[in-house]
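Data first, discussion second: the structure below is written as structure tokens.
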Amino acid sequence: APVSQHYRIGFSQCTNGDAWRQAMLAGMKKELSFYPQVNFRMKDAHDNSALQRRHIQEFLNEGVDLLIVSANQAEPITPIVEEAFNRGVPVVILDRRTTSKLYTAYVGGNNLEVGQTAGNYASSLLRQRGNVLEVLGAAGASPAEDRHRGFVQGLAAYPGMRLVAQVQGDWKRPSVLRALPAVLRAHPEVDLIFAHNDRMALGAYQVCKQLGLDRRIRIIGVDGLAGPQGGIQLVQDKVLTATLLYSPGGEEAIRTAMKILQKQPFEKENILSTMVIDSTNVLTMKMQTEKLGSQQQDIQRQQQLLREQLATYASQQTVLYILAAA
Ligand code: FRU
């Protein structure tokens with residue numbers, strides 16, 4: 001492709017208010033640094049589907065060349081994404097899906113599999129017999145629906161496993177702190193809690209601790225982020241028994257977007273793999289993510305140096321030009 005191509009990418013993000021989304025954005029920016037000719041803009045919908053619809057409409061009016069969308073809720077975002085696709089604007093769906101097949105590519109985990117794996121893991125933890133409580137992600141978001149369906153399917157293989165209660169969360173910890181105590185009091189038989197992400201799993205732990213149930217009830221989360229409040233640390237600290245790795249996929253989303261824009265071959269479904277992180281592998285995971293983190297910092301430092309050298313070079317050119325003109 002000619003270097004003069006200045007692509008415009010619009011990223012409609014359902015929220016940018018948590019560490020997982022920020023890791024996604026950091027991954028995107030890292031990959032975008034290889035394409036200085038790309039104009040990339042993000043609009044943060046703050047968990048509001050109506051606002052997200054407006055954002056996508058604005059991007060279309062501005063005439064972006066490609067859209068990346070992580071849909072707050074599947075149903076309300078579907079018509080505007082279909083409209084974009086039908087107008088010929090390529091759409092990369094990232095993590096949270098719409099309900100439609102009308103998109104150019106998907107990048108993200110297989111949430112049905114995340115739920116199934118959680119169900120199987122819970123069954124083996126409890127030796128195929130026990131009572132389970134599920135804390136759901138926000139209603140209408142595709143990962144919450146798929147994780148739930150997968151979890152029920154996973155448990156169904158074991159007749160001794162029973163899903164006895166649910167808490168409707170919103171991906172955030174406070175929703176669990178509010179709703180879980182009453183549900184746990186009504187269900188003293190609960191042996192294990194599966195929460196749809198690690199933030200809500202941490203909330204579940206705090207409630208269990210308050211009620212003196214933290215030694216009895218095991219907790220499983222999803223995400224497995226690195227960092228101080230991340231799932232890897234929570235597993236290492238034995239706050240969570242396990243978490244399911246769910247990668248934010250920022251790098252992969254930009255890579256797929258660039259293939260589409262440059263008319264290179266690409267896959268429609270780009271599924272990022274999941275795995276259980278528990279006491280058996282948490283140290284390995286921690287070491288690997290720390291190493292990755294320090295390598296990313298090296299890359300950022302090198303990019304900074306390069307920018308400084310380019311700036312020095314540019315000002316030297318100016319001096320030469322002035323001297324020559326004098
Ligand atoms: C972050 C998050 C993650 C979760 C994902 C699902 O905003 O809530 O914790 O895995 O979104 O879309």
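For Lys286, the lysines whose Cα comes closer than 27 Å to its Cα, not counting residues fewer than 8 places off in the same chain, are Lys29, Lys30, Lys172, Lys209, Lys238. Taking 7 Å along the Cα-to-C-beta vector as the label spot, tell me the Ala157-Lys291 distance in nanometres, rounded to one decimal. So the label points at Ala157 and Lys291 sit 3.1 nm apart. Taking 0.36 nm per residue of sequence separation and removing the Cα-Cα distance, the Leu60/Lys29 pair yields an extension gain of 9.0 nm.
Summarised as an ellipsoid, region 1-58 has semi-axes of 24, 16, 5 Å, derived from the eigenvalues of the Cα gyration tensor scaled by 5 and square-rooted, with the largest first. For the peptides 10-17, 175-182, residues were scored by their other Cβ atoms within 10 Å and the scores averaged per peptide; the highest-first order is 10-17, 175-182. The magnitude of the dipole of the chain, with charges of +1 and -1 set on the Cβ of Lys/Arg and Asp/Glu and taken from the Cα centre, is near 400 debye. Ordering Ala141, Met28, Leu102 by Cα displacement along the dipole of region 25-162 toward the positive end leaves Ala141 in first place; charges were set at the Cβ atoms of Lys, Arg (+1) and Asp, Glu (-1). Consider all pairwise Cα distances in region 213-326 and report the whole-number % of them above 25 Å. Tail fraction, whole percent: 53. The angle between the Cα long axis of helix 173-186 and the longest principal axis of the Cα atoms of the chain comes to about 10 degrees, rounded to the nearest 10. Rounded to the nearest 20 debye, the dipole size of region 158-314 about its Cα centre is 280 debye, using +1 on the Cβ of Lys and Arg and -1 on the Cβ of Asp and Glu.
Angle of helix 198-210 to the longest C-alpha principal axis of the chain, folded into 0 to 90 degrees and rounded to 10: 40°.
Ordering Ile277, Ile77, Pro188 by Cα displacement along the dipole of the chain toward the positive end leaves Pro188 in first place; charges were set at the Cβ atoms of Lys, Arg (+1) and Asp, Glu (-1). Beta bridges from DSSP with both residues in region 1-97: antiparallel share about 0 percent, rounded to the nearest 5. For region 1-140, the Cβ-based charge dipole about the Cα centre amounts to some 200 debye (Lys, Arg positive; Asp, Glu negative; other atoms uncharged).
In order along region 134-141, phi translates into HN-Hα couplings of 10, 9, 8, x, 4, 4, x, 8 Hz, rounded to whole numbers, per the Karplus curve 6.51 cos²θ - 1.76 cosθ + 1.60 with θ = phi - 60° and x for Gly and Pro. Annotation: Cα Rg of the chain relative to the compact-globule expectation 2.2 N^0.38 Å equals 1.14.
Ranked from largest, the principal axis spans of the Cα set of region 122-194 equal 31, 29, 15 Å.
Here's the picture: charge each Lys and Arg Cβ at +1 and each Asp and Glu Cβ at -1 in region 150-297, and of Phe151, Ile217, Val207 the one pushed furthest to the positive end of that dipole is Val207. With a ≥ b ≥ c the root eigenvalues of the C-alpha gyration tensor of region 12-91, is it rounded (a/c under 1.5), prolate (a/b larger than b/c) or oblate? Here region 12-91 falls in the oblate category.
Under 5 Å between amide hydrogens, built in the peptide plane, is the criterion, and for Phe11 it picks out Arg41, Met42, Lys43, Ile68 among residues at least 5 positions away or on other chains. Converting phi to 3J(HN,Hα) with the Karplus coefficients 6.51, -1.76 and 1.60 and the offset θ = phi - 60°, region 89-98 yields 8, x, 10, 9, 8, 10, 6, 9, 8, 9 Hz in sequence order, with x at every glycine or proline. Taking 0.36 nm per residue of separation and subtracting the current Cα-Cα distance, fully stretching the chain between Asp237 and Met42 would add 66.7 nm. Axis angle, to the nearest 10 degrees, between helix 49-62 and the longest C-alpha principal axis of the chain: 20 degrees.
Laboratory data are not the source of any read-out in this text; all were calculated from the coordinates shown. Note that this is a predicted model, so its numbers are computed, not measured. Quick reminder, even Gly has a Cβ in these numbers, built from the backbone with ideal geometry, and neighbours come from all protein chains shown.
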